[in-house]
Amino acid sequence: MPSKDPLKAFYREMAALTASECAGGCGGREHRQFRCCERKYCEVAREFARTQYGVEIQETGHPELPFMGESGCVVEAYLRPICALHVCGIAYGGGLDEVKSREYYRLRNEIIDEGRRQGKLP
């Protein structure tokens, strides 16, 4: 059963919106899928999940990134807010079309507003 928590729902929408950009190696900027990721952000997500939600994230055994699976990060988007909101096409430009960019900013604002209400901002 899906969560009724609006913050979690907004994060799921964001992950769905940005999935193709991330899966394509950061919109083609990287030579490997899902690879603007860095281990330090996995550690930030681990700490955020633990302190904000009491969740211990299970590692996948990936040699470089502890939460990387075959289809990307295995951590739910709301537990990795810095990663979920990062999109290379927004950060570096040229990756999202106008419609997706508008939707990205709408969702980002919803996440920030709801995160403030819940006290769950990184």
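Structure values in brief
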item	result
Relative contact order for the chain, counting Cα pairs under 8 Å that sit 6 or more residues apart, in percent	32
In order through the stretch 84-96: 3J(HN,Hα) via Karplus (6.51 cos²θ - 1.76 cosθ + 1.60), integer Hz, x for Gly, Pro	4, 8, 7, 9, 4, x, 8, 4, 10, x, x, x, 10
All lysines inside 20 Å of Lys100 as judged from Cα atoms, apart from same-chain residues fewer than 8 positions distant	Lys8
Karplus (6.51, -1.76, 1.60) ³J(HN,Hα), θ = phi - 60°, over the stretch 117-122, in Hz, Gly and Pro reported as x	4, 8, x, 10, 9, x
Structure-based [θ]222 nm, the chain - -39500 (n - 2.57) summed over DSSP H runs of at least 4, per residue, nearest 500	-15000 deg cm²/dmol
Given charges at beta-carbon only (K, R positive; D, E negative), |dipole| of the stretch 7-122 in Debye	240
Positive dipole terminus of the chain, leading residue within Ala49, Cys88, His62 (C-beta point charges)	Ala49
Pairwise FRET efficiency - Val74 versus Arg116, Cβ, R0 = 25 Å, nearest 0.05	0.35
From the coordinates shown, percent of Cα pairs over 23 Å apart corresponds to which of (i) 70; (ii) 42; (iii) 29	(iii)
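None of the figures in this text is laboratory data; all of them are computed from the coordinates on show. Model, not experiment: these values are computed from the prediction. Glycine gets a Cβ as well: all are built from the backbone with ideal geometry, and neighbour counts include every protein chain shown.
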